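As structure tokens, the structure follows; a few thoughts come after it.
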Amino acid sequence: MLSLSKVRFKHRSTLSRRSFLSTLIMIVGVGASYGLGGAYAVRFLFPRKREKRTVDLFVTMKSELIEGKSLQYALPSGKQILIQKLADQFLALSNICPHLGCKVRFERFENGDFGFLCPCHFGKFDLKGKAFAGPPAQAGQSLEKFEVVVKGEAVFVRVAVS
Ligand code: FES
């Protein structure tokens, strides 16, 4: 038979264990909550830099690009780009004039050089897209450039995707 003192002792011991466990669980829970909140706060204050994602779009074969000619290519966004061969390099430029947005065209100028002419205000650009006459030259503007990637015999344009 159990004596009264043993029952009390057993009861007290059970209660203190329960109390200890519930306190421990509460401390762990509160700690985890603060830790998670702190991690989100750090992430909010110091956001990770997003990597720029790009995709290479096939344009043509190297043999199709001839020096002194320009190939027009439409990007999925609707932008038109002009691709030309210059010595061993390939250059891809926007056909939109940076002055007021008219379309430039590939042209042979009076001096025999090739480049791009904007018919709206007679802005002229060299084959690298740098303006040398008209309002775009006065403003120091250039045609937007796109990165060209050559893989074997194939020519691609690298464009950013969101
Ligand atoms: S829009 Fe091209 S020169 Fe003005």
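Read-outs: derived from the displayed coordinates by stated rules, not from any lab. Not measured: the values here are computed from a predicted model. Virtual Cβ from ideal backbone geometry, glycine too; neighbours counted across all protein chains shown.
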*State the three equivalent ellipsoid semi-axes of segment 65-152, derived from the C-alpha gyration tensor as the square roots of 5 times its eigenvalues, in descending order and whole Å.*
21, 16, 11
*Could you state the angle between the C-alpha long axis of helix 4-45 and the longest principal axis of the C-alpha atoms of the chain, as a value from 0 to 90 degrees rounded to the nearest 10?*
10 degrees
*Furthest towards positive pole of dipole, Asn95, Val150, Gly78, structure part segment 53-161, Cβ charges*: Gly78
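For Lys145 and Arg50 in one chain, what is 0.36 nm times their gap in residues minus the Cα-Cα distance, to one decimal in nm?
Contour length minus Cα-Cα distance gives 32.0 nm.
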_Only Cα pairs within less than 10 Å get springs; with that Gaussian network setup on the chain, which residue of Lys69, Lys151, Lys49 has the largest fluctuation?_
Lys49
*Rg and Dmax [Cα atoms of the chain; Å; Rg one decimal, Dmax integer]*: 34.4, 120
*28 Å Cα-Cα threshold exceeded, pairs from Lys52/Lys128; Lys49/Lys124; Lys69/Lys151; Lys62/Lys130; Lys49/Lys128; Lys49/Lys103*: Lys49/Lys124; Lys49/Lys128; Lys49/Lys103
*Any idea what the dipole of the chain comes to, in debye rounded to 20, about its Cα centre with Lys/Arg Cβ at +1 and Asp/Glu Cβ at -1?*
1980 debye
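Classify segment 121-162 as rounded, prolate or oblate, taking a ≥ b ≥ c as the square roots of the eigenvalues of its Cα gyration tensor: rounded when a/c is under 1.5, otherwise prolate if a/b is larger than b/c and oblate if not.
Prolate, since a/c reaches 1.5 and a/b exceeds b/c.
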*Who wins for biggest fluctuation among Leu71, Leu21, Leu117 in a Gaussian network model of the chain, springs between alpha carbons below 10 Å?*
Leu21
*With springs connecting C-alpha atoms under 10 Å apart, model the chain as a Gaussian network and identify which of Asp126, Asp113, Asp88 has the largest mean-square fluctuation.*
Asp88
_Sequence of His121, His99 once ranked by neighbouring C-beta atoms within 10 Å, starting from the fewest_ = His121, His99
